[in-house]
Structure formats: C-alpha cells, structure tokens
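Contents: one structure, followed by commentary.
The values are calculated or read from the model by the stated rules, or taken from the named source; none is laboratory data. Predicted, not measured: the structure shown is a model, and the values here were computed from it. Glycine also receives a Cβ, built like all others from the backbone with ideal geometry; neighbour counts cover every protein chain displayed. Side chains included, ligands, DNA and RNA excluded: accessible areas come from the protein's heavy atoms. Shrake-Rupley method; radii C 1.70, N 1.55, O 1.52, S 1.80 Å.
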Amino acid sequence: MPEISTLNPLSPFAAQISHLFVAMLVVLGAIFLLVLGIVTYAIVKYRDRPGAPPPRQTFGSRNLEIAWTLGPIILLAIIFVFTVQTMRASDPPISADDPLQLRIIGHQWWWEADYLKSGVIAANEIHIPVGQRWLLDLESADVIHDFWVAELVRKIDMVPGHPNHVWLEADRPGTYFGVCAEFCGNEHAWMRFRVIAQPLADFQRWQQAQLRVPPSPTGGAAAAGLKLFEHNTCVNCHTIAGTPGNQQIGPDLSHLASRTTIAAGAADNTPGNLYRWLKDPNSIKPDTHMPNFQLSDADAKALTAYLETLK
Ligand code: CUA
C-alpha cells in the first residue's frame with residue numbers, strides 16, 4: 001500500500017494546505033495541553049484529603065467570562081483569515097484564457113485521462129511534465145467521484161453534468177498516488193490512479209509512444225489473442241487503436257502494457273495478474289463491471305499474450 005500523506009506536499013498547492021494544517025495542529029495542540037494542565041492541576045491540588053476543609057467556592061467571574069469568550073472568538077477569526085488565504089493560494093482562480101490541458105473523467109471504477117492538446121487517451125495513469133502548472137477539467141460518466149492526490153492537489157468532486165476545474169503540478173519527478181475520495185459504489189476503494197511526473201523530454205517521449213498505433217501481432221498466441229479481442233464483446237467496451245474496438249465504456253487498452261497496474265490499481269500489471277483478471281475479474285475486484293467471459297485457459301492465455309504486446 002503506497003503512502004498517501006498530506007504532510008509531504010510536493011506541489012505549491014498542496015504545500016499551502018499542509019502548512020495551514022501543521023500551524024493549526026501546533027496552536028490547537030498547545031491549547032489542548034494548556035487545558036489538560038489546568039485540569040490536572042485542579043484535580044491534584046483540590047483533591048479530597050482526610051480532615052481537609054472544603055475548597056473556597058467561587059461563583060462567577062466577569063473577567064474570566066470575558067477572557068474565555070473573547071479568546072476563542074479572536075482565535076477563530078485568525079484561523080478564518082488564514083483559511084481563506086489558503087483556499088485562494090491552494091486553488092488559484094482560473095481565467096478564461098487559461099488553457100485546459102487534461103480532462104479526467106471518473107467512471108465506476110476507473111479513471112479516463114484525455115490529453116486535450118495531443119489527443120492521447122490514457123487510463124488510471126496520468127503523466128505530466130514536472131514543474132508545469134496544468135489546468136484540469138474534471139467530469140464524471142456516472143456518479144459523483146472525487147479526485148485526490150494528497151501530495152499534489154486538494155480533493156475535488158467530479159459531478160455528472162457539472163465540470164469542475166483544478167490545477168495540477170508536481171515540484172519533483174516521481175510517482176504520486178491518487179484515490180477516489182467520495183463513496184461511489186462497491187468498488188470505491190479500488191478506484192485508484194497514479195500521477196507520474198516526468199522531466200519534459202521523458203513526458204514527450206511517453207506522449208509520442210501513446211500516440212503510436214500498436215503493431216498487430218502476426219503469429220503465435222498474441223495473434224490468436226487479437227482475433228479473440230476483435231471477435232468477442234471486448235470491442236463493445238474497450239478501445240485498442242488499429243482494431244474495431246473504439247468504445248470508452250472500459251479503459252482504453254491501446255497501451256495497456258505500458259502501465260504499472262491493472263483494474264485501476266487493484267493489481268500490479270503482470271502477465272499472471274492479467275491472466276487471473278481475464279479468467280475471473282471478480283477475484284481481483286469484486287463487483288467490477290468487467291464481466292467474466294468464462295474464457296478457456298487457452299483463450300485467456302492468448303488474450304494475455306496479445307495485451308502484453310500493447311506497450
Ligand atoms: Cu469513485 Cu469513489
């Protein structure tokens with residue numbers, strides 16, 4: 001299980017949120033310790049002892065009443081100002097001429113990533129160039145999802161029929177783990193993704209590779225797998241460039257083998273897991289919309305061999 005922590009911010013936006021959280025933790029923690037200290041002092045000092053007289057009783061103190069009413073009001077006002085500042089800085093306003101770079105569409109239970117400049121369509125892995133501020137359009141194909149990469153970007157809902165926008169940026173190259181943060185059905189917990197921030201040249205190489213039509217295998221199990229893909233219902237849901245499959249109901253598989261996981265992060269992308277997934281998707285992701293096609297061992301092997309060619 002990858003680490004997902006807001007305490008390790010690696011974008012200017014996440015840093016703002018993290019700083020506010022830490023500052024509030026310190027201030028509120030100090031108040032907690034102060035109250036705890038006073039209560040402990042009172043308990044020990046005024047405890048019942050044999051022969052001790054009852055402690056002096058005090059009824060009302062105007063000065064104390066004013067202090068503990070004004071104190072919290074001032075504190076809350078300060079927190080309010082810092083919160084508003086953080087909201088502005090962690091989610092800067094968008095102007096009409098900011099170019100949209102990426103459309104992320106939440107599906108039950110996977111993520112579609114449409115690169116609006118290049119036409120690349122990816123799934124469950126979002127590559128971005130490091131250090132660039134990208135404007136994202138967030139949409140949903142079915143129910144409300146919520147896009148969240150703790151180290152990079154705040155949570156933001158993906159609401160059907162109501163596009164939302166957010167900035168995405170990473171200070172350093174690396175792989176960042178994202179999750180869906182809004183309950184969206186039985187497989188909500190297995191709706192994960194990765195943001196892979198790369199130096200510009202690497203990102204462009206990745207983008208070029210994603211734009212290539214994968215060569216069709218000409219012999220062996222992989223060629224048999226291609227036939228199975230084309231002549232079964234796979235094409236009704238999935239796209240593979242260069243085949244009759246051109247639907248976006250399930251993830252685009254044109255470059256499946258270049259990804260690190262399958263089923264939106266439910267399993268590592270290995271031939272063994274892919275085979276298991278094709279034979280019985282529910283064994284990896286219960287309630288997935290990927291049907292069990294009752295494939296024979298040979299057919300599942302052939303399909304695995306074919307999908308493994310889709311680099
Ligand atoms: Cu999508 Cu939870």
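Yes or no, residue by residue, for (1) outside the structural domain of Asp299 (by TED's automatic domain parsing); (2) hydrophobic (A, V, I, L, M, F, W, C); (3) buried (at least 16 other Cβ atoms within 10 Å of the Cβ):
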position: Pro244; (1), (2), (3): no, no, no
position: Leu256; (1), (2), (3): no, yes, yes
position: Ala264; (1), (2), (3): no, yes, yes
position: Asn269; (1), (2), (3): no, no, yes
position: Leu274; (1), (2), (3): no, yes, yes
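I need the full set of residues from the stretch 194-221 which are of a type outside the set (S, T, N, Q) and more than 28 Å from the chain's Cα centre (by Cα), in order please.
The first filter runs over the stretch 194-221 and keeps only residues of a type outside the set (S, T, N, Q), leaving 194-197, 199-203, 205-206, 209, 211-215, 217, 219-221.
Listed by number, the residues that qualify are Val213, Pro214, Pro215, Pro217, Gly219, Gly220, Ala221.
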Q. So which residues in the stretch 164-191 are away from the ligand (no atom under 15 Å from the Cβ) and either over 17 Å from Ile105 (Cβ atoms) or open to solvent by 60 Å² or more (accessible area, probe 1.4 Å) (or both)?
A. His165, Trp167, Glu169, Ala170, Asp171, Arg172, Pro173, Gly174, Thr175, Tyr176
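Going by the conditions given, is Ala201 away from the ligand (no atom under 16 Å from the Cβ), of a type in the set (Gly, Ala, Ser) and surrounded by fewer than 16 Cβ atoms within 10 Å (Cβ to Cβ)? Can you show your working first?
Details: away from the ligand (no atom under 16 Å from the Cβ): yes; of a type in the set (Gly, Ala, Ser): yes; surrounded by fewer than 16 Cβ atoms within 10 Å (Cβ to Cβ): yes.
In short, yes.
Would it be correct to say that Ala224 is outside the structural domain of Ala123 (by TED's automatic domain parsing), in contact with a strand residue (DSSP E or B) (Cβ under 8 Å, 6 or more places away or on another chain), open to solvent by less than 60 Å² (accessible area, probe 1.4 Å) and in contact (Cβ under 8 Å) with a residue 40 or more places away in the chain?
Values: outside the structural domain of Ala123 (by TED's automatic domain parsing): yes; in contact with a strand residue (DSSP E or B) (Cβ under 8 Å, 6 or more places away or on another chain): no; open to solvent by less than 60 Å² (accessible area, probe 1.4 Å): yes; in contact (Cβ under 8 Å) with a residue 40 or more places away in the chain: yes.
Taking the combined requirement at face value, the residue does not satisfy it.
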Q. Looking only at the stretch 36-63, which residues are open to solvent by less than 90 Å² (accessible area, probe 1.4 Å), of a type in the set (A, V, I, L, M) and modelled with pLDDT of 90 or more?
A. Leu36, Val39, Ala42, Val44
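Suppose the filter is assigned by TED's automatic domain parsing to the domain that holds Ala123, more than 16 Å from the ligand (Cβ to nearest atom) and outside any helix (DSSP H, G or I); does Arg194 pass it? Step through it out loud before you land on a result.
Numbers: assigned by TED's automatic domain parsing to the domain that holds Ala123: yes; more than 16 Å from the ligand (Cβ to nearest atom): no; outside any helix (DSSP H, G or I): yes.
No, not satisfied.
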Q | Count of the stretch 101-134 residues which are of a type in the set (A, V, I, L, M, F, W, C), within 16 Å of the ligand (Cβ to nearest atom) and outside any loop (DSSP other than H, G, I, E, B) | A | 7
Q) Pairs under 7 Å by beta carbon, first residue assigned by TED's automatic domain parsing to the domain that holds Thr288 and basic (Lys, Arg) in the stretch 175-190, partner open to solvent by 70 Å² or more (accessible area, probe 1.4 Å) and part of a strand (DSSP E or B), six or more apart or different chains? A) none
Q.
Looking at (1) aromatic (Phe, Trp, Tyr); (2) open to solvent by 50 Å² or more (accessible area, probe 1.4 Å); (3) more than 16 Å from the ligand (Cβ to nearest atom), which one does Trp148 not meet, given that it meets all the others?
A. (3)
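Which one of Asp137, Asp142, Asp98 is surrounded by fewer than 19 Cβ atoms within 10 Å (Cβ to Cβ), in a strand (DSSP E or B) and without any contact (Cβ under 8 Å) to a residue 60 or more places away in the chain?
The conditions single out Asp137.
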